[in-house]
Every structure is written in structure tokens, then in C-alpha cells.
Amino acid sequence: MSATHPSKERTLVVIKPDGIQRTLVGEIIQRYERTGLKLLAMKMVIPTEEMATRHYYEVGGDPWIYEVGRKAAAAYEKKGMKSPYATFEENGQAILKANAKYLSSGPVIAMIWQGNQAVALVRKITGSTEPLSSDVGTIRGDFTLDSYAMADIDSRSIRNLIHASGTPEEAEKEVAIWFKPEEILNYNLVQDKILYDVDLDGIKE
């Protein structure tokens, strides 16, 4: 099976400080694990604000700053309000700062999951960014209730339990920020034979 096989796709998941404080670690891991995804690495750390800033900025850069600022400004307009920031870039910088403060506010658990369409699958299980509008059955939809409106009133980042990579390309950049190569394990999992073995060899005695 080549390294480019769909079964080898990796994604980064970070259980954020509110996920730890809500004691949802086991429930969150179980949701991913029972789909058939393989856990390749896991660590518990308290990120510095500098590392949290790298996590957001190094992956997306200035285009990310601009786009999140633009989306935030559009959300203000939709509510009949004016953004308190003069430019999309200023709005994006404020969001970056709030996100970094949130991610570095306490212990987090960083994980690498591998499997077919791992990025899309994890995001489907996790739910949309805003918990209040996430579907029932997703992690965010089932276990928390924050909303953009409340986060805006309180001038803070939305508390949504988890970070999950947006694309396979983003995932590889994020993995490099959080893990050294020697911390990522390659090993056989019995269930891989059922999920990926073409002929299901080895089932019968």
C-alpha cells in the first residue's frame, strides 16, 4: 500500500482547553476511534501564546488573516451592525490574538489521526465551527452550546472544544508544528485488515 493511498491521509486534532476542562477527552477520542481512524500520536501540553499564534498564522498566513476578517465583518453586517475594525486585516489580527489566547489558556491534547478521507471525516464528526448551529450527533452539537453572538458580546474566541485541520495540506503543516517526526508512530492495527485489505486475507483460520 503506497504512501499516497487514501488510507494514509492524516489530520491534526487538538482538544482545546474547554474540552479538557469539560472532561470530554474520552468521549471525543471514542467518536473518532470507533469510525476506524487510527491514532498515530498524542500529547498533552500547555501551548505558549507564541506556539498558538504559529498554529493559526503559519498555516494560513496573511490570506487567512484577511479571510477571517472579511467573514467577521460580513457577520457584523448581517446582524445590522458595523465592524469595530477599520479593515479586514485588523479584524483578522484581532481574531488571531483571541484564538491564540484561548488555545494557550490551559492544557490541550494534540493528536494525529490517520485513515481514508481523515480530514473530511474528522470535520464531519466534529461539527461546524459554531456549536449552536452544529448538527445533533456531532461532537460540538452534542456537547457544547457557544455561539458567535455570545462570543462577540464577550469579545472572545468561540469555545468549540476542538480544532480539526481544514485540508490535507493544512494538516501536514499543522502536524509539523505540533509533533517531531520521531513522535509519530507507524504500527499495525488489526482492524486495518478489515477496513483496507482487498481480499480480507487472514480472517479465516
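Just so it is clear, none of the values below were taken in a lab; they were calculated from the coordinates. The shown structure was predicted, so the numbers you read here are calculated from the model rather than taken from an experiment. So basically every Cβ, Gly included, is an ideal-geometry build from the backbone, and we count neighbours across all protein chains shown.
For the chain, the 222 nm mean residue ellipticity estimated from helices alone, with every DSSP H stretch of n ≥ 4 adding -39500 (n - 2.57) and the total spread over all residues, rounds to -14500 deg cm²/dmol. Working note: Cα atoms of region 1-117, range along each principal axis, descending, whole Å: 50, 34, 28.
The C-alpha radius of gyration of region 57-192, expressed as a fraction of 2.2 N^0.38 Å, stands at 1.18.
With 10 Å bins beginning at zero, the pair-distance distribution over Cα atoms of region 112-205 amounts to 14, 30, 31, 18, 6, 2, 0 %. Dividing the mean sequence gap of close Cα pairs (under 8 Å, 6+ apart) by how many residues region 66-205 holds gives a relative contact order of 16 percent. Computed from point charges on the beta carbon alone (+1 for Lys and Arg, -1 for Asp and Glu), the dipole magnitude for region 1-103 about its Cα centre is near 380 Debye.
The trypsin sites (Lys or Arg not before Pro) of region 10-39 meeting both criteria, a DSSP state outside H, G, I, E and B (loop) and at most 13 other C-beta atoms within 10 angstrom of the site's C-beta, are R34. Backbone phi angles across region 44-50, fed through the Karplus curve with coefficients 6.51, -1.76 and 1.60 (θ = phi - 60°), yield HN-Hα couplings of 10, 9, 10, x, 6, 5, 5 Hz in residue order; Gly and Pro are listed as x.
Taking a straight line from the alpha carbon of K204, these lysines sit under 30 Å away, with near neighbours fewer than eight places off in the same chain left out: K8, K38, K193.
Find, among the trypsin sites (Lys or Arg not before Pro) in region 65-157, those assigned to loop by DSSP (not H, G, I, E, B) with at most 14 other beta-carbon atoms within 10 angstrom.
Numbers: sites: R70, K71, K78, K79, K82, K97, K101, R123, K124, R140, R156; in loops: K79, K82, R156.
Listed in order of number, the matching sites are K79, K82, R156.
Calculated FRET efficiency, A75 to H5, Cβ-Cβ distance, R0 = 41 Å: about 0.55 to the nearest 0.05.
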